[in-house]
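Okay, so here's the structure we're looking at.
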Amino acid sequence: MSCQITSGMVLGCKDSQGGIEYLYIADLPTYDTITTDVDGKIESLDAAGVPTSITWYKYETPKQVSSFTETITAAIENGTVFYDQQATFIFNKMEAIKRDQIKLLAQNPKLLVVVKDGNGKFWSVGVSRGAELISGSVTTGTSYGDRNGGEIVLQALESEPSFECLASFVGE
């Protein structure tokens, strides 16, 4: 049986932090192979054995407001499983340039997203099938201390869980 478990998990130290620092977003390139290092972290996406060129755009977010969630959905009766990956991105200050970029994100049906979490690790969203902007809102706020800005949610429905990525994958 190819799906037998191979190890357990230890509790580990309390040295982890939540949240995401920022996101990288690109158009999902055409490729045929995900190349990983010995630990299974993405090094590159290759087409005919050659790494594809990816133009990444960095999206910064305020501290402690944005997140990445991956929900595992398994149907016992159907023998299926898929992974719902969602990156929730918060931004401050309504501006025309942000409006224009959000519109382009909303129109693009195949985005590739990599989030950098609070522990400095990079995680893929939509590496196989692409991610899409599924919801968002923008608000002026009401009180002087309210957020003037918005939130977008990028979602991917993948057959595999999110890959950890090397920092060099996104050019860091």
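The values are calculated or read from the model by the stated rules, or taken from the named source; none is laboratory data. Predicted, not measured: the structure shown is a model, and the values here were computed from it. Every residue, glycine among them, receives a Cβ derived from its backbone with ideal geometry; neighbour counts consider all protein chains shown. To get the accessible areas, we keep the full protein, side chains included, count just its heavy atoms, and leave off ligands, DNA and RNA. Shrake-Rupley method; radii C 1.70, N 1.55, O 1.52, S 1.80 Å.
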Within the stretch 140-150, considering residues that are exposed (fewer than 15 other Cβ atoms within 10 Å of the Cβ) and touching a residue at least 40 places away in the same chain (Cβ under 8 Å), the one farthest from the chain's Cα centre (by Cα): 140
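Only one of these is of a type in the set (A, V, I, L, M, F, W, C), assigned to a strand (DSSP E or B) and farther than 23 Å from residue 172 by Cβ: 91, 82. Name it. Even if it seems obvious, please write down each step before you answer.
Values: 91 fails: farther than 23 Å from residue 172 by Cβ.
Exactly one residue qualifies, and that residue is 82.
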Selection from the stretch 112-151 of residues that are of a type in the set (Gly, Ala, Ser) and closer than 14 Å to residue 166 by Cα: 120, 124
Elements of type strands (runs of 3 or more DSSP E) in the stretch 17-75, at least 3 residues being closer than 21 Å to residue 98 by Cβ: 20-27, 57-60
Matching residues in the stretch 101-136 - criterion: being over 16 Å from residue 24 (Cα atoms), outside any loop (DSSP other than H, G, I, E, B) and either open to solvent by 70 Å² or more (accessible area, probe 1.4 Å) or among the hydrophobic types (A, V, I, L, M, F, W, C) (or both): 103, 107, 134
Verdict on residue 46 being open to solvent by less than 60 Å² (accessible area, probe 1.4 Å), touching a residue at least 24 places away in the same chain (Cβ under 8 Å) and more than 27 Å from residue 152 (Cα to Cα): no
